[in-house]
1. Give me the one-decimal nm value for the distance between modelled label points at residue 573 and residue 214, 7 Å along each residue's Cα-to-Cβ direction.
2. Where Rh is the Kirkwood radius over the Cα pairs of the stretch 7-264, the temperature 10 °C and the viscosity 1.306 mPa s, what D in µm²/s does Stokes-Einstein return?
3. Along the charge dipole of the chain, which of 44, 451, 509 sits closest to the positive end, that is, farthest toward it, with unit charges on the beta carbon of Lys, Arg, Asp and Glu (+1, +1, -1, -1)?
4. Where both residues lie in the chain, what percent of DSSP beta bridges are antiparallel, nearest 5?
5. How high is the relative contact order of the chain, given as a whole-number percent (alpha carbon pairs under 8 Å, six or more residues apart)?
6. Restricting to the stretch 7-264, what percent of DSSP beta bridges are antiparallel, rounded to 5?
7. Quick one: with all protein chains in place, what share of the accessible area of the chain is carbon or sulfur, to the nearest percent (1.4 Å probe)?
8. Using a probe radius of 1.4 Å on heavy atoms only, what accessible surface per residue do you get for the stretch 298-476? Whole Å² is fine.
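The values are calculated or read from the model by the stated rules, or taken from the named source; none is laboratory data. Every value quoted in this text rests on a predicted model; they were computed, and no experiment measured them. Cβ coordinates were reconstructed from backbone atoms using ideal geometry, including for glycine residues, and neighbour counts include every protein chain displayed. Side chains included, ligands, DNA and RNA excluded: accessible areas come from the protein's heavy atoms. Shrake-Rupley method; radii C 1.70, N 1.55, O 1.52, S 1.80 Å.
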Amino acid sequence: MGERQVTRVERDGDTAVISIDNPPVNTITAAMRAGLRAALDEVAAMSRIRAVLLRCDGGTFCSGADIGEFAGPPREAEYRALFARFEGLAVPVVAAMHGTVLGGGLELALACHYRVASPGTRLGLPEVTLGIIPGAGGTQRLPRLIGAEKALELIINAKPVDAAEALRQGFVDEVIDGDLRAGALAYIRRLQDSGRGPRPTAARKVDPATATDAIVQRLSALARKLYPNREAALTAIKAVRASVDLPLDQGLLFEEELANQAKATVESRGSVHVFFAERATRKVLGLPPGDAAPVASAGIVGAGTMGGGIAMTFANAGIPVTVIDATREALDRGLAVIEANYGSMVKRGRLTPEELSRRMGLIRTSLDYADLAGADVIIEAVYENMELKKTIFGTLDRVAKPGAVLASNTSTLDVAEIAAATKRPVDVLGLHFFSPANVMPLLEVVRTPQTGAAAIRTVMELSKRLRKTPVLARVCYGFVGNRMMEGYAREAERMVLEGATPKRIDDVLERWGMAMGILAVFDMAGVDVGVNVHKANAAQYPPDPTYYQADFALVEAGRYGQKNGKGYYRYEKGDRARHEDPEALAILRARAAALGVPPRAHDDAEILNRCLYPLMNEGFRILAEGIVQRASDIDVVWTSGYGFPRYRGGPMFHAEVIGLDTLLAGMRGFGAEFGPMHWEPAPLLVELVDKGISIADWEARRGTP
Ligand code: NAD
């Protein structure tokens with residue numbers, strides 16, 4: 001009662017037209033499935049119907065199944081029954097597709113007898129990237145249409161193809177220019193004129209020549225290469241293989257069995273967890289109601305690495321931005337870098353020349369702070385120096401319009417102290433972008449005790465337009481990501497001093513799933529950058545004479561990383577490939593000897609655990625201190641900003657996968673061996689293990705931080 005209708009049926013001559021209208025992207029929800037059943041009932045009751053057209057209102061055909069249902073009971077049987085009704089219709093049923101047709105959306109179309117699409121429609125089965133397999137017939141029907149090999153390529157590559165390619169492959173029958181509905185109705189008339197009737201996919205057989213051992217071997221190798229540590233793509237191969245021998249109804253049952261197995265894996269639960277975690281970060285708990293202020297223009301102070309990347313981020317979102325620096329030369333240099341970055345996007349075909357000039361046109365430069373007077377948001381990205389930042393915030397306080405958000409991109413400084421340089425700390429917060437700022441999705445939003453709700457709301461809303469994933473944090477040294485990285489990197493460096501090669505450490509981390517080993521990361525970011533941070537913040541670090549000494553030794557020997565071709569590794573000009581370098585190893589050995597670090601043989605498990613345990617342990621401190629709103633925010637920081645594998649769900653999720661008791665015992669074990677300085681278990685971790693409760697239990701009891 002009173003619920004919006006998500007489907008409707010109309011008659012067009014002797015064709016029943018079923019239209020779906022479930023904004024924004026026609027996701028297949030429970031309500032839509034009920035609507036489709038009702039629509040089929042309605043069609044059955046209509047007289048003299050000779051064809052059915054299935055189409056969608058809005059910007060796209062069904063974009064996919066409702067991922068929100070993943071947590072609930074299995075729906076395969078319901079999908080199977082619904083799609084069988086379409087397939088079993090006694091008159092031809094045609095799906096007319098436009099937009100982005102993924103997963104369950106495409107599987108619905110595969111259950112129809114014919115498929116037509118607008119040019120540019122994108123069709124795909126991306127399930128394996130979420131650790132699952134197509135579970136609504138995709139693994140059984142698609143091979144019947146295009147053969148097992150092509151079907152598996154689509155499933156394993158998990159990338160949509162366009163309508164023209166789908167036509168070539170045979171799972172789209174016609175590409176329709178112009179009005180899709182009219183074109184599809186014309187297509188139906190041609191079907192009728194040529195006497196073609198229903199064409200159930202179920203009745204077809206899969207060509208066994210498309211699933212030979214050689215093909216299966218090749219695709220299994222591809223699956224292992226694209227998805228190391230993961231099973232879903234291999235499970236999909238099993239399912240598709242079965243389509244060769246099994247009739248459709250049995251094949252669908254086998255598919256369901258495999259789909260449910262896949263859903264129970266850590267890779268699937270972890271990927272789905274991150275998917276929802278990313279959607280949760282924008283929800284700010286305990287804010288008084290109010291609206292976000294619109295952001296019509298922005299200002300940036302500092303045209304360096306970060307300022308330039310942030311300026312691009314705004315221009316990419318279509319928001320005009322004014323960039324200030326201390327000198328004309330700095331502005332020119334900054335602008336030239338931005339233009340070169342856009343230029344390389346044009347070269348790679350990612351941007352049109354017109355778009356380049358449009359975006360450059362949105363970026364103005366100035367030496368005069370008065371030009372920031374109209375900006376709704378101003379982001380400071382000058383050198384990491386408290387006095388300088390305070391001076392700049394004092395100036396911003398004088399020129400910015402009332403209510404403008406004043407943000408600092410600082411990585412290590414106390415945002416509350418910066419805010420105190422203004423008379424409006426309520427409008428001040430940290431916006432910690434990651435390098436390269438125009439590429440990296442993560443944005444740590446740092447609130448001080450004074451930051452007001454309006455400023456928080458404005459930037460949370462703005463982040464959507466900037467296509468960033470915001471994670472709200474409170475002030476602490478290193479915020480979330482860098483704070484957790486300290487122990488992780490500390491152990492990696494310490495193990496290098498103990499005799500493990502940088503390559504060995506990075507290989508273990510990368511094989512486990514980190515996008516890049518931490519030592520290679522340091523080479524990329526600049527080993528000297530980390531050293532300077534440690535020198536400037538010595539008081540923040542524990543009194544360990546070996547602490548970060550690998551970094552210090554390399555920098556003292558003039559090895560800054562990729563920027564000068566040598567750091568933990570050696571690099572050749574114009575090439576980012578890392579090569580092991582005996583010279584670096586000698587420097588590290590000498591430093592270890594000077595510090596008296598005892599050599600040690602590490603197995604893979606030790607390397608991994610010494611890196612990951614401190615990382616996760618620090619997460620429990622951050623959670624207990626209320627630095628983040630929820631544990632899953634920490635998972636988002638690491639999966640979207642630090643290359644932690646999404647299929648492992650992030651560090652907090654992973655801690656529960658290995659078991660909190662295992663983590664605690666591991667911390668204590670290393671503490672017994674290496675001393676307590678770095679291995680103190682987080683009190684919250686101890687508490688959870690003692691009480692035998694999960695992170696979610698604890699969060700539910702605690703309420704809003
Ligand atoms: P950078 O050295 O590349 O750029 C700093 C810019 O500030 C330069 O263009 C400089 O001319 C300008 N500047 C200096 N004094 C100024 C003044 N008085 N008025 C106006 N402009 C002035 O530095 P960066 O790497 O872009 O870092 C900027 C900030 O971002 C720092 O706070 C840093 O901690 C933070 N940050 C850096 C990274 C990173 O990876 N580089 C990541 C996150 C945050």
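1. Inter-label distance under the simple model: 4.5 nm.
2. D = 87 µm²/s.
3. Going by the charge dipole, the pick is 44.
4. 25
5. 9
6. 30
7. 54
8. 40
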